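See below for the structure under consideration.
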Amino acid sequence: MSVETPALSRLVPIRRWKSFFESYGQEFVILAALIVLFVGVGLYNPRFISTNNLTSMFVGNAYIAIAAIGMSMVIISGNIDVSVGSLIGVLGTISGTMAVSGYPIILCWLVPILIGMVINAGVGVLVAYVKIPSIVVTLGMLSILKGGLISVTGGAWISGMPPEFMIAQFRLFGLPSSVYFMVVLTVLAALWMKYSVFGRTIYAIGGNPEAARVSGIRIQPSIVGVFTIHGMFAGFAAVLFATQLQVIQSTVPPNLELTVITASVVGGVSILGGTGTVLGSTLAAILFAAIGSSLVFLNVSAYWLRAVQGLMILATVLADMARRRRI
Amino acid sequence: MTNLLEVSGISKSFGPVKVLKEISFDVRPGEVHALLGENGAGKSTLIKIVAGVINADEGEVRLDGKAVRFSSPREAAAHGIATVYQELLLFPDLSVAENIYLGHAPKTKWGTLDWNAMRAGARALLDSLDSPDLDVDTTVGKLSVANRQRVEIAKALSQDAKLVIMDEPTAALADADARRLMDVVKRLRDRGVGIIYVSHRLPEIFALADRVTVLRDGAYVGTKPIGEVTEGDLVSMMVGRAIDHLFPKVDTTPGETILEVKNLTYRNTVNDISLTVRAGEIVGIAGLIGSGRTELALTIFGITPATSGEILIDGKPVTISSPDDARRLKIAYVPEDRGSQGLIRPQTVRENVSLAILDRIARAFVVDRRKESALAKDAIERFGIRTRGPEQRVKQLSGGNQQKVVLAKWIATEPRVLIMDEPTRGIDVGAKAEIHALMSRLAGQGLAVLMISSELPEVLGMSDRVLVMRGGRIVAQFDRKDATPDAVGAAMTAAKAGASLESAPAGLRGAAAL
Amino acid sequence: MATMVMNRMLRHEVILAALLIAALIVLAGQSEHFWTADNLLNQGRLMAEVGLIALPMTFVIVTGGIDLSVGSIFGLSAILLGVFWQNLGMPLPVAMLGAVIVGAVAGLGNGFIITRFKVPPLIATLATLALYRGLAEGISQARSVRGYPDWFLGLGTNDLLGVPNQLWLMILCFVIAAFILGMTTFGRTTYAIGSNEVAARFSGLRVDRAKLLIYGASGLIAGLAAVIFVSRVSTTRSDMGTGLELDVITAVVLGGTSIFGGRGTIIGTGLGLILMQALKNGLALSGVKGDGTIVVIGAVLIAAILVGNLLSRDGD
């Protein structure tokens, strides 16, 4: 998945390929891991790489990759959000409920996105202007959203949503729309982070906050902005999440925030801020989904999945620390 | 021809300390004007005023004849003043082109970044600096220090600077890179840019500068065309003829050797150091920034334990791999940066003074508050700390009194070796004298004192012996009677070292990994 | 000496105590069931787990760190208690000890990652949150263990002299923790690390060792709390302790400990804990279900820091 613009790829001296490989090192590692996984598990149990399985894997997990896009941006800026799982649960429920209640389909898709942006803008304000550390704000937010959701809905199932609403299940050339969304959004976001003023500002703030301040970058509005955009992606993810099955359980998908964070961290976004790419987190989300799926096909209990997650984060972080601090 | 920059009657104080006293000098277009002076002479403050980072209390700055008063570095940049600092303000994860244009990037008509224009512009700038091999797309994090500096200069040029201020640009460069940098500076000059070149390296100044201005202790000493001075003249101007004999040095007969260091090495910042300090002796270590003095102290004290070599206390080899080890061996270190390394600013005098001897004022792990208060009160009296009482928070104290608290903390450990790093930096004259008196008294009581200082008069006035460090090594040793300002100053700046430029130490202050 | 203590505790703890008294009055007025010995003692029993873990967490946050993995260590210890006893056949007391040791080891693991590899506590404990919970889930395969002997169940449900067992334990631990933090050299070291870790190191304090002990204690107490919890609810499941870190951190922060480190007292944590429990109890008595309660707790967490930030802007 190349993310270079057509104009630039016209000039390609050898040096630039070298620096391209260097700066996308982590992404290549993940890609390699994916290939190894597919080949390895596929040989052991060919049903793993059947079209059916691959399709359901992508459909079921594309929304995680999309949520990880926003999360990566937040982490690159030097913050974190542990409430994204609850947010997606809430927004998904809102989306489904609106659909069942007969609102125009387009609103059922857009309103959750808007609400996600507003809620996270609020989080951004608390982090940037009131200077509450993001871990604390989002820890509190997690409870507020989760508790609020269960209190209001009691965890009830939502069903009977009109078929026009089920955007995740639309197919184009045989592939489910979630895949297209995942790819398109990743590419767009990656380009944007790399080439836009805002994107570079986020990298600067995360990488060297002092220098950013001295260079006249306005940190606070940028932080609010990055959280708001993250809310937008969470909204996207929520809509896909809500429409991938015929029913929605109006609870918070368990472990979702951790999975999203894992995708970002393993994808190369350094928790110290300032580095990493959106492309990496999407690949890592796919890798993680593949690992989860492969456990089934390897007859390993799925209950070990979270342990794997924890190990992956640790391994990545330790490697990152080793690279940075030469321990 | 009108002067590009004119500075007249500039004064600046930080709290009670007057850092600049009515400085006046000027810079012409197409001139390299060197600014010379010891650490603490006021050079940094002066260039910060010109660059718009801070404002002067009195006096005037004129650019092209018009009076200006900048409220921010951006404003100064907009007027054509660019600065290349020692601590590089680059973003390691962004590319060279982005760093050069950060904050003033060319935009397309839709408002997005015009990458092509940016890259082309960066390429042109780098070529004009004779750096065709520097790729505009590489991330800055991968570049060597020398190349990063070139990016900084290109950044300065990208803002169409008329006046470029360079603060110790070759401090971190090796010979070849320093020479290339000097070529760059010459090119700039030939283009009509005025350059203020702050450096300690006399050979460079002689190779590059048209005129040189010397500051000393915040005061203007003089400006001379480079052809009319010798190195000796400059050194004299920098350190002053008369050494103030305010230093109450008690003459002692040194006792046994307490601290001995043999072939001590730490990575490449401390190189094969050997020295001895005897009881009752004050050994001063002089040297420029980056010469490795603090790194040496941190190695002896265990923050960055030695990678090879020996440390001996009372003739017996010891291992020091943490500050705790050093403390147990009765070594004390009063750090260079007292605010962040020496004190816990939000805490009280009492808590700070007891910090290093908590285990000794405790019975069965419980801190004995009465002993602690008594200790604090005693320290306040003994060291003459001006404070409302032991319960005052140290951040409210003046610099001199804060330093006394740090000293009190370490004296409470009853050390036998006391290492003091820049003991009177940022302290007013009165407090300076008090601290010097304290040091003399401590030496008189039999402590072995190692004093690192950038203030030559202090080194010369207080030390029984003077060691000069450069590039992580000891390059000269003087007994008190032989230590003259010229001799020591020359050893520090390698003025008499011959034709070649000194090779730069790889370790800058910040490089010592903590 | 009394003035020193008073000055320290002034603003935040006094405000907190006042808030607490006000809350107790309101709650007592709202429901006649609130201010009964039965209810109050029961609340004491219920808050034991959070209360115990809040003690080392206070130390952790005072050093400027955080431990998000306490809930997972809790769950892991609970599971292993069941595994040690039922699957491996150990005598129950040994299994109990084993569970506590597991907690300690897990906590030391955190400490090791943080001190030796210099990983920021936030991400280190986020990773171990996943890892330890994952181990719990993997080992238990979602099976639960039941059938504990009566004497064991009695530990968590009985009283001693009319007061629940765990309340005695908690009070004892509170006193010890308050003593350590407030009066010993270790407590001073903790505050020093939180205020200025560099200066602490430069003063010869053994910073890494202190951190290791603190995170180890956090894990150990989480294990202990798990044992108590299991004895109270008479079963072990792998999802126990989920969300526990929220309650614990809220109690500590509410009690005046600054999230940035360097300030905080055990007494404050105690007050914060009681206030939080009173809040939960009041909500429950008004018919709000458990899920509604966590909404309030989340809001309280954010509000507590917000207010704390505002107060400290007024000058320290």
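Each value in this text was obtained by applying a stated rule to the coordinates, not by laboratory testing. Quantities reported herein were computed from a predicted structural model and do not represent experimental measurements. Ideal geometry is used to build each Cβ from the backbone, glycine not excepted, and the neighbour counts take in all protein chains shown.
Could you work out the mean count of beta carbons from other protein chains within 10 Å of each residue's beta carbon in A:123-135?
3
Residue by residue through region A:312-323, what is 3J(HN,Hα) from phi via Karplus (6.51 cos²θ - 1.76 cosθ + 1.60, θ = phi - 60°)? Round to whole Hz and write x for glycine and proline.
5, 4, 4, 4, 5, 5, 4, 4, 4, 4, 4, 5
Within a 10 angstrom radius of the beta carbon, how do B:Leu375, A:Leu279 rank from fewest other beta carbons to most?
The most exposed by this proxy come first: B:Leu375, A:Leu279.
Taking H as built 1.01 Å from N, whose amide H comes closer than 5 Å to the amide H of B:Gly446, not counting residues under 5 places away?
Placed amide hydrogens put B:Gly280 under 5 Å from B:Gly446.
Compute the acute angle (0 to 90°) between the alpha-carbon long axis of helix B:369-383 and the principal axis of greatest extent of the alpha-carbon atoms of chain B; round to the nearest 10°.
Roughly 70 degrees, rounded to the nearest 10.
Which Cα, out of A:Ser293, C:Ala127, B:Val136, lies furthest along the positive dipole direction of the protein assembly as shown (beta carbon charges, K/R +1, D/E -1)?
So the residue we want is A:Ser293.
Partner chain Cβ atoms within 10 Å, averaged over the residues of A:309-320 - can you pull that number for me?
Mean shielding by partner chains, rounded to a whole number: 5.
Cα centroid distance between region C:40-94 and region C:126-156, in Å?
With region C:40-94 and region C:126-156 each reduced to a Cα centre, they are spaced 11 Å.
At a 10 angstrom cut-off on C-beta neighbours, averaged per residue, how do the peptides B:343-351, A:62-70, A:49-57, A:128-136 rank from highest to lowest?
A:62-70, B:343-351, A:128-136, A:49-57
Along the charge dipole of the protein assembly as shown, which of B:Pro485, B:Leu397, B:Ser321 sits closest to the positive end, that is, farthest toward it, with unit charges on the beta carbon of Lys, Arg, Asp and Glu (+1, +1, -1, -1)?
Value computed over the given set: B:Ser321.
Given Cβ point charges of +1 (Lys, Arg) and -1 (Asp, Glu) and nothing else, what value in debye, to the nearest 20, does the dipole of region B:5-239 about its Cα centre take?
Using only the charged Cβ atoms, the result is roughly 460 debye.
Can you work out ³J(HN,Hα) from phi for every residue in region B:59-67, in order, using Karplus 6.51 cos²θ - 1.76 cosθ + 1.60 and θ = phi - 60°, giving whole Hz and x for Gly and Pro?
x, 9, 10, 10, 10, 6, x, 9, 5
Treating only the Cβ of Lys, Arg, Asp and Glu as charged (+1, +1, -1, -1), what charge dipole size does chain B show about its Cα centre? Round to the nearest 20 debye.
Roughly 1240 debye for chain B.
Using helices alone, what [θ] at 222 nm do you get for chain C, with -39,500 (n - 2.57) per DSSP H run of 4 or more residues, divided over all residues and rounded to the nearest 500?
Taking each H run of at least 4 residues, the total per residue is -25500 deg cm²/dmol.
If you fit an axis through the alpha-carbon atoms of helix B:175-190 and take the longest principal axis of the Cα set of chain B, what angle between them do you get, 0 to 90°, nearest 10?
40
May I ask you to evaluate 6.51 cos²θ - 1.76 cosθ + 1.60, the Karplus curve with θ = phi - 60°, for each residue of region A:108-113 and list the ³J(HN,Hα) values in order in whole Hz, giving x for glycine and proline?
So the Karplus estimates, Gly and Pro as x, are 4, 8, 7, 4, x, 5 Hz.
Taking amide H atoms as placed 1.01 Å from N in the peptide plane, list the residues 5 or more away in sequence, or in a different chain, whose amide H sits under 5 Å from that of B:Ile165.
So B:Ile165 has HN proximity to B:Ala82, B:Thr83, B:Val84, B:Ile196.
May I ask you to derive the relative contact order of chain B, considering only C-alpha pairs under 8 Å and at least 6 residues apart, and to give it as an integer percent?
About 17 percent, as a whole number.
In peptide B:350-363, how many Cβ atoms from other protein chains are near each Cβ within 10 Å, on average?
Averaged over the peptide's residues, the number is 3.
With each run of n ≥ 4 DSSP H residues scored as -39500 (n - 2.57), what mean residue ellipticity at 222 nm is computed for chain B after dividing by its residue count and rounding to the nearest 500 deg cm²/dmol?
That calculation yields -9000 deg cm²/dmol at 222 nm.
Rounded to the nearest 5, what % of DSSP beta bridges with both residues in the protein assembly as shown are antiparallel?
Bridges in the protein assembly as shown are about 60 percent antiparallel.
Students often forget the sequence filter, so: which lysines lie under 24 Å Cα-Cα from B:Lys377 once same-chain residues fewer than 8 apart are removed?
Of all the lysines, those that pass the test against B:Lys377 - Cα under 24 Å, at least 8 places apart if same chain - are B:Lys330, B:Lys395, B:Lys404, B:Lys409, B:Lys432.
Got a sec? Charge dipole of chain B, +1 on Cβ for Lys and Arg, -1 for Asp and Glu; which of B:Ala120, B:Leu456, B:Gly339 is way out at the positive end?
Towards the positive end, the residue furthest out is B:Gly339.
Starting with the highest mean, order A:250-263, A:94-107 by the number of other Cβ atoms within 10 Å, averaged over the residues of each peptide.
Order by mean packing, descending: A:250-263, A:94-107.
Between B:Ala286 and residues 5 or more places away or on another chain, which pairs have amide H atoms under 5 Å apart, with H built 1.01 Å from N, and which residues are they?
B:Leu467, B:Val468, B:Met469
Hey, how much of the P(r) for region B:5-239 falls beyond 24 Å, as a percent of Cα pairs?
Everything past 24 Å amounts to 45 percent.
How big is the charge dipole of the protein assembly as shown about its Cα centre, in debye rounded to the nearest 20, if each Lys and Arg gets +1 on its Cβ and each Asp and Glu gets -1 on its Cβ?
500
Would you give the gap between the C-alpha center of region A:34-48 and the C-alpha center of region A:175-189, rounded to a whole Å?
24
Run the numbers on region B:176-229 and let me know its relative contact order in percent, using alpha-carbon pairs under 8 Å that are six or more apart.
21
Which shape class, rounded, prolate or oblate, goes with the protein assembly as shown when its Cα gyration tensor gives a ≥ b ≥ c as root eigenvalues, a/c under 1.5 marks rounded, and past that a/b bigger than b/c marks prolate?
Oblate.
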